[in-house]
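Below is one structure, written out as C-alpha cells; the observations come after it.
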Amino acid sequence: MQCGLLGRHLGHSYSPQIHKMLANYDYQLFEIEPELLGDFLRSDKFDGLNVTIPYKKAVIPYCNALTDCARALGAVNTIVRKPDGTLIGHNTDYYGFQFMFRQSSLSAFGKKALVLGSGGASATVTAVLKKAGANVIIISRSGPDNYNNLDRHYDASIIVNTTPVGMYPDTGLSPVDLTNFHALEGVFDLIYNPARTRLLQLAEEKDVIAMNGLTMLVAQAKEAAQWFTENNIPDEKILSIHRTLQKQMQNIILIGMPGCGKSTIGKALAHAVGKQFIDADSEIEKEAGISIPQIFSEKGESAFREMETHVLTRLCKESGYVIATGGGCVTRDENYSIIHQNAQVFWIKRDLDNLPTEGRPLSQSTSLSDMYQIREPMYKKFSDFEIDNISDIDHAVKQILDKLEEYL
C-alpha cells in the first residue's frame, strides 16, 4: 500500500515518522508543482494521500465524492483511492482539533472564543468550537473584528491561533498581547514548532491552559490512517506517539553556576538520550573568534551578554539538543522566553566550595557567595527542575532522565 503527503514545498515533515508508528504501509512525500497536480491525482502512484497547503481546496475538483465533513469545511486533507480508481475526499483536521480541544478538558459551551486568522485552518477550528457551543469570533487583519479593535473582546475565554505568527524559524513573536484578557481560560496554538510559541508562553504567565498543535497533528494522522487501512486505531496511540515526538523534539537545557558541571553532565546526557550536545559558551567563542576571557577584557560584560543572547536565540529555536548554557545567562530576562520555547530546563546545583574559577572572569573577580546570592532566585525562576551534582555524573544524568520521564 502506497500512501504519502501531497504538497508543493514540504521541507522537513514529521508525517512519515508518525504514519510509520500508526500502520504498516509505505509513506512518502510528494512535492508536486501546480501544473502537474491533475496528472498526479489521476495517476496510480498512491492509494491514500494526506494533503497540505496549497492544495487543500485545489484537489476538490479531482475527487469523485466528498465526505460531509470535507464538504462542510470546503477543504480536503485526506484522499483515498478506491479499487475502481475513484477518489474520495475527506477532512481529518476537524477530528484532529476536536481531539486536541477535548484533551484540554475545557468546556466551550456558552463561552466567547477568538479564532486568530481566516484561512482554511480557521474554518476547521471555528466549526469544532461552534459544535461545542462556543460563540466564535474570527479575528483577521481586515475584517470587522481585527487586531486593532481587540479591546471589544477582552472577555474572551478561549483563544486559538491558526496563523503562522511565531512559527519556526521566525520565533519569539505573538499575534496578540494577552495582558488585558481578564476571563481567559485556555490558549491553543496550531503551531507545534516551537513547542512553546510566544503566545503560549504569555498564556503560561497568566496560568491558563496552553496547548500547541502537536496533538492535533498526530490525531488527524491517526484518523487518516484509519481511512487508508479501514482499521480502527485506539486513541491511546495518539498519546503514545505524541510522547515519542515530544521527547525527540524537546531540547534539554542546563543552567547553573560557572563550574557546576553543566558541560560534563550535558555530554553524558546527550550520549544517553541520543541527542547532539552543544556548549553555548563554545558557540560564543566561535562567533566572536576570541576566547570568553578576551571578550570580557576587550569588550566588557555587557557586550558578552549581547553575544550570549544572540547565540541562545539561534540555538534554542532548534529542536532536539542538549545545551549547556553559561552561568550568567539567567541575568537577562529576555533569555527566559528564548530558552523555554523548546526545552525543559534543569538547574545543576553544586556546593560553592567545589566550583572551579580558572578561566572564568566573573568567578575570579567576584565572591562566589555574593554571585550565588544574586543569581539563586534567577536560577529558580528559569528552571523547570533542580538537580544536585553531589556525587558522580551518572547519578546526575539519572536524575535528569527520571524527571523527564515523570514530566512526559
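The values are calculated or read from the model by the stated rules, or taken from the named source; none is laboratory data. Just so it is clear, the model here is predicted, and its values are computed rather than measured. FYI the Cβ positions are ideal-geometry reconstructions off the backbone, even for glycines, and counts take in every protein chain you see. Heads up: the accessible areas ignore ligands, DNA and RNA and are worked out on the full protein's heavy atoms, side chains in. Shrake-Rupley method; radii C 1.70, N 1.55, O 1.52, S 1.80 Å.
DSSP beta bridges in the chain, what fraction antiparallel, as a percent rounded to 5? Bridges in the chain that DSSP calls antiparallel: roughly 15 percent. What's the center-to-center distance, using Cα atoms, between the range 44-88 and the range 161-240 in Å? So the separation of the two Cα centres works out to 25 Å. Bridges between two residues of the range 56-153, per DSSP, are antiparallel at a rate of about 35%. Taking the Cα centre of the range 254-399 as origin and assigning +1 to Lys and Arg Cβ atoms and -1 to Asp and Glu Cβ atoms, the resulting dipole is close to 300 debye. Shown for the range 1-40: the carbon plus sulfur share of the solvent-accessible area, taken with all protein chains present and a 1.4 angstrom probe, equals 48%. Since only SER13, PHE228, THR313 are under comparison, the one whose Cα sits farthest along the positive direction of the charge dipole of the chain, derived from C-beta charges on Lys, Arg, Asp and Glu, is PHE228. In this structure the amide hydrogen of ASN251, modeled in the peptide plane, comes within under 5 Å of the amide hydrogens of GLY320, TYR321, ALA343, GLN344, none closer than 5 places in sequence on its chain. Using 10 Å bins from zero, what percent of all Cα-Cα pairs in the chain falls into each bin? Spelled out per bin, shortest first, that is 4, 20, 26, 22, 16, 8, 2, 0.
Global dimensions of the range 1-141 from alpha-carbon coordinates: Rg and Dmax equal 16.3, 48 Å. When the chain is treated as a Gaussian network with alpha carbon springs shorter than 10 Å, the biggest mean-square fluctuation among ILE255, ILE238, ILE138 belongs to ILE138.
Placing unit charges on the Cβ atoms of the charged side chains and taking the dipole of the chain about its Cα centre, the candidate lying farthest along the positive direction among HIS90, GLN250, SER337 is HIS90.
For a distance above 16 Å, tell me the whole-number percent of Cα pairs in the range 1-50 that qualify. In whole percent, the long-distance tail amounts to 38. If the chain linking THR309 and ASP151 were pulled fully straight, counting 0.36 nm for each residue of separation and taking away their Cα-Cα distance, it would gain 53.6 nm.
Taking the 1.4 Å solvent-accessible surface of the range 102-209 as the whole, the part contributed by carbon and sulfur is 48%. For the range 284-357, the fraction of 1.4 Å probe accessible surface lying on carbon and sulfur atoms is 43 percent. The residues of the chain present an accessible area of 46 Å² per residue when probed at 1.4 Å with all protein chains retained.
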